[in-house]
Amino acid sequence: MSFMFAISFILFLLIPGPSLAVQVHGPPEGYYVHQIGHLLFISSIIFFLTFLKLDPPSPRRPWMFLKISMFLFLLWNINALIAHYFSNMLPREALDTPLDIFSHRILPPITTEKYIYFITRNDHLLCVPAMFFLVLALRAFRQTLDSEDSAEDG
Amino acid sequence: MEGISLYPVYLVDFTGAIIMVVFSVIAVYEAYRLRRERPDSVLFSYLFWLCIAFAAFSISRSFGHTLRFLFIWAGHPEVWRAISPFSGGLNTLTFAVAATLTFYYPNVTMVIARIRAKAEDLKRAKDQLEKAHDSLTLLNRTLERRVEERSQELLASERKFRRLFQGSRDLIFFCDREFQITDLNQWGANILGYESPEDVRGRSLASFFHEDKEWDLFVHQLTVDGFVKDFETMFSGRRDEPIFLMITAEGLQGPQDGIDGYAGIAKDITSYRRMTENLIYSEKMAAIGQMAAGIAHEVNTPLGIILGYTQMLKDDLSNDQERFADLETIERQTKNCKRIVHDLLSFARSSSAPESGPVDLAACVRHTMSVMQHSFEMDSIDIHLAIQEDLPHVLADGDRINQVVLNLLTNAHDAIGQKGLIALFLYFDEKREAVVLEVGDSGAGIPPEIRDRIFEPFFTTKPVGKGTGLGLSVSYGIINEYGGEIEVLSPPLDESYEKYGLNTLFRISFYQFLR
């Protein structure tokens with residue numbers, strides 16, 4: 001049995017050919033992966049918030065901050081998803097991007113898509129507050145721990 | 001060429017990127033502290049790795065945006081285009097990590113919650129088990145204590161009833177359903193004449209009943225009514241003498257329906273019965289004596305007149321031989337009648353007041369024996385005389401005592417006929433404090449059916465003309481007159497009499513004597 005296997009192995013080595021096993025990843029794949037990443041993040045946050053809704057934890061204050069943070073991250077993800085979509089949709093001629101970055105602009109005619117693109121590009125207006133509330137939640141958790149420790153010491 | 005400037009967008013982008021980096025670093029620091037403080041917390045672990053992912057995202061994105069501005073501003077947008085995919089890929093990866101962590105945390109929490117719930121269940125079960133164990137331990141201790149208490153109570157009760165059973169002077173018995181004796185107390189065995197209860201166990205209760213019809217009546221009452229109360233009957237024990245018992249018995253209820261056996265207490269009323277019989281007999285004898293005394297008084301006077309006139313006529317008709325002989329016959333028979341009347345008065349103690357003085361009983365016995373000696377020798381009757389020395393003198397009339405001894409010896413002679421033994425015992429009974437005279441003979445004995453009548457006046461078994469039936473009744477009257485007792489034992493049960501072959505023994509006890 002092992003002899004037959006050895007013969008077969010040697011023959012495979014002596015007669016090589018294309019395996020066709022390695023898939024080539026072209027340019028649009030990164031865009032799709034990135035969008036799928038946002039969708040995955042969105043679905044995980046929805047799952048997380050649903051879980052917290054069904055089984056409300058305590059204490060309330062840190063969890064409230066955490067939920068706000070997650071909700072803002074949810075909005076940010078949706079915003080980013082839309083922003084990426086329209087960024088991909090807009091033609092190169094829709095933007096004027098000279099070397100002077102202070103002169104960059106969206107060229108007329110200004111369509112709804114271009115407005116949406118403009119607005120959704122300001123995603124930091126969502127993710128920065130989300131991060132801020134995450135910090136608040138962590139600090140609130142910390143305060144809770146401190147008060148628990150002092151209660152135990154007391 | 002108008003349009004919308006992207007400058008505000010870039011400004012927000014740039015500023016926001018920097019703030020994001022700052023916030024993410026702070027967040028990582030806070031999460032790290034939380035995790036360090038509570039390393040076993042799934043939440044803090046999740047938040048820590050989430051913050052790491054966000055920090056990686058923020059830094060990557062911020063660097064990307066900053067570099068983009070720099071490279072475009074420096075006139076090398078192609079460099080930015082080369083770097084951009086790395087930045088984008090890293091951002092995507094951080095989403096995936098954050099998403100994975102966010103998916104994973106609730107699941108882990110749910111798993112932990114289930115494990116915790118199971119642990120709680122197990123803890124509750126353990127607590128319940130411990131409580132049950134404690135309860136069982138307590139119950140066991142309580143049970144042990146109660147068993148101990150009950151055992152002590154039962155033991156005390158058993159001892160109490162055992163003492164009652166063993167110490168009772170009555171006969172206590174237990175029988176099975178077939179009336180086989182299963183248990184009996186020691187005193188009960190003694191009443192029946194046995195040494196030990198073992199000698200009686202297993203025997204039928206019926207075998208002790210003297211009369212079959214009484215046994216039938218006893219069983220009938222016991223089985224029909226379930227009990228008998230104060231049932232008087234006569235038992236035949238090991239000894240020949242009858243035992244009079246008063247039985248109270250009842251059926252014992254078994255574990256199932258029906259009688260499982262019988263238990264009873266029998267009181268020995270032999271002495272009581274004998275005493276009652278004696279009392280009745282004394283009363284009867286007193287009544288007979290009173291009647292006899294009345295008759296004797298009434299008859300005595302006419303007899304005296306008849307005798308007086310007869311003697312006067314004899315004086316007048318002394319020459320008339322034929323009439324004189326008739327008068328002598330009248331005189332002789334009248335004297336016989338007077339003697340009988342005298343005897344009756346002696347029996348009834350209604351003669352003149354008894355003279356009582358110290359009487360040497362031994363001398364009386366020897367005197368009477370000497371009178372009768374020749375008569376006994378003629379009929380080949382042996383005499384056994386056992387007289388204790390230095391006996392106290394009894395308070396009585398010597399002549400009348402002589403008459404009693406003579407009556408008893410005559411009766412003994414008549415009972416033997418020819419060839420036999422007459423035994424006389426005279427002694428002081430220390431226990432009863434009495435001077436006792438016993439006269440026994442080896443005659444045929446007195447049948448039980450007439451034993452109770454022998455002291456009645458005119459009762460005799462001798463042929464007509466040989467005895468008047470007044471001898472024993474006169475003796476009875478005399479002994480009673482001096483506060484003594486006379487009794488008959490036929491046969492005498494004491495073993496000391498067996499060697500003489502005595503079948504009848506008269507025992508006279510004198511309680512009045514000089515010490």
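Is it the case that segment B:341-348 has a residue that's hydrophobic (A, V, I, L, M, F, W, C) and either closer than 23 Å to residue B:444 by Cβ or in contact with a strand residue (DSSP E or B) (Cβ under 9 Å, 6 or more places away or on another chain) (or both)? No: segment B:341-348 contains no residue that is hydrophobic (A, V, I, L, M, F, W, C) and either closer than 23 Å to residue B:444 by Cβ or in contact with a strand residue (DSSP E or B) (Cβ under 9 Å, 6 or more places away or on another chain) (or both). Residue B:71 meets the conditions (1) within 11 Å of chain A (Cβ to nearest Cβ); (2) loosely packed, with under 15 Cβ neighbours inside 10 Å; (3) in a helix (DSSP H, G or I) in every case but one. The failed one is (2). If the condition is being in contact (Cβ under 8 Å) with a residue 40 or more places away in the chain and hydrophobic (A, V, I, L, M, F, W, C), then segment B:487-506 contributes B:488, B:493, B:502, B:505, B:506. Of all the numbered requirements in (1) among the charged types (D, E, K, R); (2) surrounded by fewer than 16 Cβ atoms within 10 Å (Cβ to Cβ); (3) within 9 Å of chain B (Cβ to nearest Cβ); (4) touching a residue at least 24 places away in the same chain (Cβ under 8 Å), residue A:149 misses one, and that requirement is (4).
Among the residues of segment B:441-484, which ones are among the aliphatic types (A, V, I, L, M) and either in contact with a strand residue (DSSP E or B) (Cβ under 6 Å, 6 or more places away or on another chain) or part of a loop (DSSP other than H, G, I, E, B) (or both)?
Kept after step one, since they are among the aliphatic types (A, V, I, L, M), are these residues of segment B:441-484: B:444, B:446, B:450, B:454, B:464, B:470, B:472, B:474, B:478-479.
Residues satisfying the conditions are B:444, B:446, B:454, B:464, B:470, B:479.
Can you confirm whether residue B:132 is part of a helix (DSSP H, G or I), closer than 23 Å to residue B:254 by Cβ and among the aliphatic types (A, V, I, L, M)? When the stated conditions are applied, residue B:132 does not pass them.
Inside segment A:72-112, residues that are free of Cβ contacts under 8 Å to residues at least 24 places away in the same chain and either loosely packed, with under 12 Cβ neighbours inside 10 Å or out of contact with any Asp or Glu (no Cβ under 7 Å at 6 or more places or on another chain) (or both) make up a count of 18. Residues that are within 23 Å of residue B:505 (Cα to Cα) and under 55 Å from the mean Cα position of the chain (by Cα) number at least 2 in the following strands (runs of 3 or more DSSP E) confined to segment B:328-410: B:381-387, B:394-396.
Scan segment B:27-42 for residues that are touching a residue at least 24 places away in the same chain (Cβ under 8 Å) and within 16 Å of residue A:133 (Cβ to Cβ) and the total you get is 2. Please go through segment B:1-27 and give me each residue that is part of a helix (DSSP H, G or I), in contact with a Ser or Thr (Cβ under 9 Å, 6 or more places away or on another chain) and under 21 Å from residue A:94 (Cα atoms), ordered by number. The one that is part of a helix (DSSP H, G or I), in contact with a Ser or Thr (Cβ under 9 Å, 6 or more places away or on another chain) and under 21 Å from residue A:94 (Cα atoms): B:7.
For segment B:418-434, a residue qualifies if it is free of Cβ contacts under 8 Å to residues at least 60 places away in the same chain and surrounded by fewer than 18 Cβ atoms within 10 Å (Cβ to Cβ), and the qualifying residues are B:418, B:419, B:427, B:428, B:430, B:431. Tell me whether segment A:57-65 contains one or more residues that are buried (at least 17 other Cβ atoms within 10 Å of the Cβ), within 14 Å of residue A:127 (Cα to Cα), within 10 Å of chain B (Cβ to nearest Cβ) and among the hydrophobic types (A, V, I, L, M, F, W, C). No: segment A:57-65 contains no residue that is buried (at least 17 other Cβ atoms within 10 Å of the Cβ), within 14 Å of residue A:127 (Cα to Cα), within 10 Å of chain B (Cβ to nearest Cβ) and among the hydrophobic types (A, V, I, L, M, F, W, C).
The set of residues in segment B:1-43 being under 22 Å from residue A:98 (Cβ atoms), more than 7 Å from chain A (Cβ to nearest Cβ) and either surrounded by 15 or more Cβ atoms within 10 Å (Cβ to Cβ) or of a type in the set (Lys, Arg) (or both) consists of B:14 alone. Checked against (1) surrounded by fewer than 16 Cβ atoms within 10 Å (Cβ to Cβ); (2) under 18 Å from residue B:34 (Cα atoms); (3) facing another protein chain (nearest Cβ under 8 Å), residue A:135 meets all criteria but (1). Residues in segment B:469-498 that are of a type in the set (Phe, Trp, Tyr) and more than 40 Å from the chain's Cα centre (by Cα): B:476, B:482. Number of residues in segment B:377-417 that are aliphatic (A, V, I, L, M) and free of Cβ contacts under 8 Å to residues at least 12 places away in the same chain equals 1. Give the residues of segment A:98-111 that are of a type in the set (Val, Ile, Thr) and more than 8 Å from chain B (Cβ to nearest Cβ), sorted by residue number. Scanning segment A:98-111 gives a single hit, A:111.
Scanning segment B:84-111 for residues that are β-branched (Val, Ile, Thr), under 18 Å from residue A:32 (Cβ atoms) and either more than 7 Å from chain A (Cβ to nearest Cβ) or surrounded by fewer than 17 Cβ atoms within 10 Å (Cβ to Cβ) (or both) turns up just one, B:94. Of all residues being surrounded by fewer than 20 Cβ atoms within 10 Å (Cβ to Cβ) and polar (S, T, N, Q) in segment B:181-226, which is nearest to the chain's Cα centre (by Cα)? Just the residue, please. Residue satisfying both the conditions and the ranking: B:186. Within segment B:231-251, being over 30 Å from residue B:495 (Cα atoms) and in contact (Cβ under 8 Å) with a residue 24 or more places away in the chain holds for B:247, B:249, B:250, B:251. One residue stands out in segment B:438-454 among those that are surrounded by 19 or more Cβ atoms within 10 Å (Cβ to Cβ) and more than 44 Å from the chain's Cα centre (by Cα): the one that is nearest to residue B:510 (Cα to Cα), namely B:439.
Every number in this text was worked out from the coordinates using simple rules, so none of it is lab data. Note that the structure is a prediction, hence the values are computed from the model and not measured. Don't worry about glycine lacking a Cβ; one is built from the backbone with ideal geometry, like all the others, and counts go over all protein chains shown.
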